[in-house]
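The values are calculated or read from the model by the stated rules, or taken from the named source; none is laboratory data. Small disclaimer: the values here were computed from a predicted structure and weren't measured. Heads up, the Cβs are rebuilt from the backbone with ideal geometry, glycines too, and the neighbour counts pull from every protein chain shown.
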Amino acid sequence: MSAEEFNLPKQTHDIFGVMARGNFISSNGTRDGMNRLYDIINNPDNFDRLQAYFNVIRYNIERGNNYFYFSKLGEPNSELEKKLERFERYIDIIDLLASMDNKITIGSRFRPSEIAEECNANVRLKQKLQKIPLYRSETLHNKVREICDLMSRDSFLELEDEKTESYKVLDSYNYLLDIINAIAIYDDSNSSDDTQAIVYN
Amino acid sequence: MENCRILNRIVEINIANVKYADIELSGNTCFVGTNNFGKTSLQRAILFFYSANSRGLGISSSQKPFEEHYFRYENSYLIYEIATEEKPFFVIVYRHNKLVFRFVDGAYDPDMFFTANNDAMKIKEVISNLEKRGVYISNQIDTFERYRNIIYGTETDKQLSKFHLLKGNEKYQNIPKSITNVFLSSKSSIDSRFIKDFIANSLTTENSSIKLEQVERQLRQFNEKYTDIETFLKKESTQLVELIDKKYDQVHMLKGAQMEMADKLGSSLRFAETQNESIREASRKKEEELEKLHAEQEELKDNIENKQNDIREEIGYYDRTIREANKKLKEYKEKNIDNAVEKNAEREKLQVELNIARREYESLTSNVASIELKYSSLIEQLRNDKSAYINKINSRTSEIFNHYNELQLLQKNEFNKREAEIKLKREEAIEEANSEVTQKQIEFNQLKSDEKVIRNTRFYETEIKSLENELAELRAVSYKNKSERAIKQNMVATLQREWEALELKLKTSLTNRINQTNNEIIKVKNEIREIEEKLNVQHDAFYGYLEKNVKDWHQTIGKVVNEKLLFRTDLNPEKAETTANTLYGISLNLEPVDIVSKSIEEYQFEKNERLAQIRDLEEALNQFQAANNEEKMLAADKYGKQLGEYKEDVKVLTYSLELADKREKKLADELEEWKGKAGKEVEESLSGNRQRLNIIEEELSILNKKKNNLLEDFNKQLEKLKAYNDERIADLKNKQETEISELEVEKKNQVKEFENKEEELIKEREGNFKNKGVDSKQLKQIENKTKELQEALKEIEQYAQIVSDYLKDKREIFDKLPDLIQKKEEFVKTNNDLAAQLEESTRKYNIKRMELNKQKRAFDEELIEFNNGINFYSNNFRETPVYVKYADIIERAEPKRTNYNIMDLCTQLLKNDSHFNEEYGAFQRYVNEFAGKFRIDNHFNFIIRNDATQGEYERFAQNLRSFINENKIELSIAETATQIGLVTDSIATKVKELSGQKDKIQHIISLIAEDFKKAEFEESKLIEFIKIRLEESDNKVYKLLKRIQEFREENGLVYNEGLFNTDFATGSKREISTRAVKLLEQLRSAIKEQEQEEIKLQDLFELKFNIKEGMNETGWTHKIDSIGSTGTDILVKAIIYITLLHVFIKESSHRSSKDFKVHCIIDEVGQISAHYLRELLRFAKNRNIMMINGLPNKSGLESHYKYTYQFRREENNNVRIFPSIVTEVEA
């Protein structure tokens, strides 16, 4: 069955291009016409067609709160585990961002320097930032930059203004929050090493 | 002398490196010199004659400008001599700050410029020199434009109009442009783009292009606005707006409540601080009162107890005395005291009997002698005894009488005294009771009046009054607000109606105007179409025939022919000599007849006029629309603002009414509470009062009872006293009487005894007288009797002491015993009274003490509450961020008593703040999410920084609310809708303007093609043909621009109403708008993609060549890289340029002006073969064009030119230009 037969919108290729990379399409994203793509998917007629079309290639469009992303049908557990591993680094990042005085919420605009400054002035935040693994930047500012860069790459943030290095929090950030909220921490008293375990619901 | 006008000569005086050069240019001219010797500079100087534009000479920006490089000295001159049909004239170009021109009516003569020393003169000297010579020299021409006007024959000044090279028409600017373009592009390869540029540049001015940057900017602005509006109109955004609005109200209310609470806290704190001392003082006073009360009570208690002790002592004394008396009395009774007293009472009698017995005995024993005497003395003695006895008895009687009288008197006195005492006591007691009763009555009355006062007193009057006032004010304000809101709601409805009516009116007028304009445009377009049809067919129609074949036909046939006939193509006109100047053989005087026919120019003019008319109509419509929009926007601004204000007011009023309702309810509750409290207080006071009243009533009844008891007591006492007195007196009287009567009986008996004894004595005496003897029996009898009497007296004497003691005790004690008992009882009663008094005072004391303690406790509790509150505030509140937030309010609050305690207020503030923070967090999230949906530089200015303060967030919400209330989105939509109209209109106008010139291009191309055809290539057979044709442009941007123009043509001017219109009725307009938006979006993308700065005339078409040179045919192509050899290429290029130049000169010069020649300056033709050169020069000559070319060196080619000049650099670096001696082979 060809794309024409599905009567797909002409942006289908762009949509696939974004989401197949594991990225999100958020309603408040403006780069590369992301909001237009969102509107197109959000159109009920389009959605059904796109869903049917992508299902053929074993992709499923998942709808979040003002964002869309792909999930793979029948994904092997090993892949899921990898995804979870990748996600784990966001726990500390979200923890940091949620601890800021000026809370980072959907639609917030900020510069890495602002976060770095706040972290520098607040020992607790500084520790949180320093504790985030994976990054080896020497200065706090660079570390925050790397985080922002990572989140931009993963389409949770959008670099709105390269000159001022201003980022905007996209709707897909909700995904991170939802996942974090879905984590239940329990104390496994039966386990021998007495460690805590995380359960993803 | 030429018989046509031509630039005859150029003279350089002190120009650049050339000190002097005089170059003739009246024929083909060739400059020979190696590079950098000044060939091109000279060519530029020649070009300057034609273009008079120092910036369009191909001087790169890195080089010195023309003015500075050429005119280095005061006496630097460029002189152009122009040959005319009559005498030549020349132009002097010199620098006077800027380049200026002067025309001189005469042939150039070096003497005019040089002194005798061969030094170039200054301009003043030149002018005076010329004037001296009587040669006309014009005023200074300051502008290039005016110079060109003169040279190209469009100058209106008669003095200057003769100095023209040719007579150009309105398009004469094309001539200098063409010459310039040939010169500037002569080095390029043959590319249709250059030809296009050439044609286009020749036809257009610098401004006749579509600046894509500008278009892109307009599109971007429109697109951004469109996106912003689209984002705003999204469902999610609308939901967020509602949420923000709601949350803002909530946080606002919470904040208000918090502030109110903070104010209360501040007031309570201040109050607590200010009242602390006074409460302490009040508590201390109560303490003192308590102490005083206690001391008074103790004193009273001591006093009463002392009295009681005294009384007890008295009672003890009396008790003891009574007890002892009773004990004695009992002892006496045991000793049979009554018998003893009775016997003792007979002692006197027994003593008398004894005495009588003794004397009888003595007389019996001693009276033998004188019986008479004896008896006489006996009788006498007896009589004496009798009298003594009587006297004694009488004295006893009198004594007893007196004694008892005295006793009675004493008793009476005692009674009176006691009675007076009791009465006094009674009076005192009653007085005391009465005073107590009176006091109680006063107290009772006081309490009664207190009750009245309490009933009339409004407790917490200040609070209630202030609440009532506040409520009244609030109700008044609410009432006012309600009516104001109703008025404002009416105003809103009215304004809405007015606005809608005005909008409808504007819309209707716009629609009418559009329809009217469109109709007019259609009408004019039809006329244009008719004219165009005429123009299109005129070549083949009768009109064309007449134009070609009949001179001045407009003066003849044109006056009589039907216009429609003129454009019929089926008439096959043929010229017949015989009917010339006649109408079918009839000669007519057509002098007075008006010409019916029109020239092509007139038709063209009419067409242009109608096009202008359409433009005017569209312009007018545009203006109307703009005015309409402006009016709409003004209305939107006016009504929107007013509506917004009113709506905001209504909202504020509604909100304040809601708040007022809540406040009213709260105040009503508070009032009820206060009233309840007041009622409770009244009830409490009344109940206390009533209790007191009851107690006092009871006390009064007790007191009355007590008073009655007292009275009764006293009366009883009095009665008892009286009875006792009466009894005593009766007893005394009785005793007196008994004793007296006993004495009387005793006396009587004794007297009788005496009398009996006297009689016996008398009888005895008589017997004695008779017997004279002694009677022994009688003696014995007397002796026994004496003995008995002595015995009785002895016995009496034995009890005499006890009786005496008894009598003494009786007199001193036993008789006083009732008094003692009475006194004791009195003391007991007094003691009881005192005990009751003490008890009563203790009760009173306790009540008062309790009351004082209660008051003190209340003060203490208040103080503790204040202190606890202040401590809680200091320890648990002062350091929190909540305090910091409301510090101003708390610190500035006025001290005031509130119904809340500090601790509760602090806790509530902290609790509420946490709630407030939650709500505020949600509010911030909504604002962030909403603002995040828009571009960072959105035109609504919905932007919030991440570190924005609460104030900024609140301002954001306020602005958003104003935005909604004032319906600013409608304004924005209207603006954007206007913008899309303006953008499309602007694009359409620009495209139309630009493509309007396409006809000219078509015309030029057809002329060029025709000129190519005319070229005499056949002779040499070198170039078989050069063909040129126009094709549609494949420029994507232009295509889209064109589509937009067509779209606009198709849909007229107004299609913006549908922008964001969701109305089903006008849904079609929405579709049109969507198409427009899409087109604009596509155009924007194309502009971005193509990265082209502007759309010029040359982008409107594609030019293709087909050249056949020998056996080589290029086919229809854009670019001819290589036709043959380089020489062939140069030739073809030159031929094309010359053709172009020729066509443009022809097109741009007046028809009457034919006798002139211009130069075609093409540098570097060195690689062309002599054969080709000859061909080229001929080609040019046939078109009245003289060639000016450059050669690097002498190669024989120069022989084909009329003039050849060589360039040589001298030692002083000056360049010398000198003519080369060659012979023109062929020209």
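Remarks
- Every residue from segment A:89-114 that is part of a helix (DSSP H, G or I) and within 14 Å of another protein chain (Cβ to nearest Cβ): A:Leu97, A:Ala98, A:Pro112, A:Ser113, A:Glu114
- B:Lys292 free of Cβ contacts under 8 Å to residues at least 12 places away in the same chain and in a helix (DSSP H, G or I): yes
- Single unsatisfied condition, A:Asn174 versus (1) assigned to a helix (DSSP H, G or I); (2) surrounded by fewer than 20 Cβ atoms within 10 Å (Cβ to Cβ); (3) within 11 Å of another protein chain (Cβ to nearest Cβ): (2)
- Pick from segment B:917-940, criterion surrounded by fewer than 20 Cβ atoms within 10 Å (Cβ to Cβ), assigned to a helix (DSSP H, G or I) and of a type in the set (Asp, Glu), ranking: farthest from the other protein chains (Cβ to nearest Cβ): B:Glu919
- Among the residues making up segment B:43-79, those that are of a type in the set (A, V, I, L, M, F, W, C) and within 24 Å of B:Asn174 (Cα to Cα) are B:Ala45, B:Ile46, B:Leu47, B:Phe48, B:Phe49, B:Ala52, B:Leu57, B:Ile59, B:Phe66, B:Leu78, B:Ile79.
- Here is the figure for segment B:1015-1065: residues that are surrounded by fewer than 15 Cβ atoms within 10 Å (Cβ to Cβ) and either assigned to a loop (DSSP other than H, G, I, E, B) or modelled with pLDDT under 70 (or both) total 10.
- Single residue of segment B:219-258 satisfying the filter (of a type in the set (Phe, Trp, Tyr) and away from chain A (no Cβ under 13 Å)) that is nearest to B:Asp904 (Cα to Cα): B:Tyr248
- In segment B:30-52, the residues that are assigned to a loop (DSSP other than H, G, I, E, B), more than 25 Å from B:Asp109 (Cβ to Cβ) and modelled with pLDDT of 85 or more: none
- Verdict on B:Gly106 being assigned to a loop (DSSP other than H, G, I, E, B), under 21 Å from B:Asn3 (Cα atoms) and touching a residue at least 12 places away in the same chain (Cβ under 8 Å): yes
- Residue within segment B:458-472 that is outside any helix (DSSP H, G or I) and not hydroxyl-bearing (Ser, Thr, Tyr) present: yes
- Selection of segment A:148-161 for residues being away from chain B (no Cβ under 12 Å) and not aromatic (Phe, Trp, Tyr) yields A:Cys148, A:Asp149, A:Leu150, A:Met151, A:Ser152, A:Arg153, A:Asp154, A:Ser155.
- Test: residue in segment A:60-81 that is closer than 30 Å to B:Ala922 by Cα, among the charged types (D, E, K, R), buried (at least 16 other Cβ atoms within 10 Å of the Cβ) and within 14 Å of chain B (Cβ to nearest Cβ): no
- Test: residue in segment A:20-28 that is over 23 Å from A:Leu125 (Cα atoms), surrounded by fewer than 21 Cβ atoms within 10 Å (Cβ to Cβ) and among the hydrophobic types (A, V, I, L, M, F, W, C): yes
- Among (1) part of a helix (DSSP H, G or I); (2) within 30 Å of B:Glu463 (Cβ to Cβ); (3) touching a residue at least 24 places away in the same chain (Cβ under 8 Å) - the single one B:Tyr883 does not satisfy: (3)
- Hey, B:Asn876 part of a helix (DSSP H, G or I), in contact with a helix residue (DSSP H, G or I) (Cβ under 7 Å, 6 or more places away or on another chain) and either surrounded by 15 or more Cβ atoms within 10 Å (Cβ to Cβ) or modelled with pLDDT of 85 or more (or both) or not: yes
- Count of residues meeting criterion [buried (at least 16 other Cβ atoms within 10 Å of the Cβ) and among the acidic types (Asp, Glu)] in segment B:811-832: 1
- Being in the same structural domain as A:Ser113 (by TED's automatic domain parsing), at pLDDT below 90 and touching a Cys at 6+ places or on another chain (Cβ under 6 Å) is a property that A:Leu140 has.
- Scanning segment A:42-99 for residues that are at pLDDT 85 or above and within 13 Å of the chain's Cα centre (by Cα) yields A:Gly64, A:Asn65, A:Asn66, A:Tyr67, A:Phe68, A:Tyr69, A:Phe70, A:Tyr90, A:Ile91, A:Ile93, A:Ile94.
- Given (1) in a helix (DSSP H, G or I); (2) within 14 Å of chain A (Cβ to nearest Cβ); (3) surrounded by 14 or more Cβ atoms within 10 Å (Cβ to Cβ), index of the condition B:Asn959 fails: (2)
- Within segment B:1200-1221, the set of residues being among the hydroxyl-bearing types (Ser, Thr, Tyr) and either modelled with pLDDT of 80 or more or in contact with a Phe, Trp or Tyr (Cβ under 6 Å, 6 or more places away or on another chain) (or both) comprises B:Tyr1201, B:Tyr1203, B:Thr1204, B:Tyr1205.
- Residues of segment B:454-499 satisfying the condition of being within 30 Å of B:Glu630 (Cα to Cα), touching a helix residue (DSSP H, G or I) at 6+ places or on another chain (Cβ under 9 Å) and of a type outside the set (S, T, N, Q): B:Lys488, B:Met491, B:Val492, B:Leu495, B:Glu498, B:Trp499
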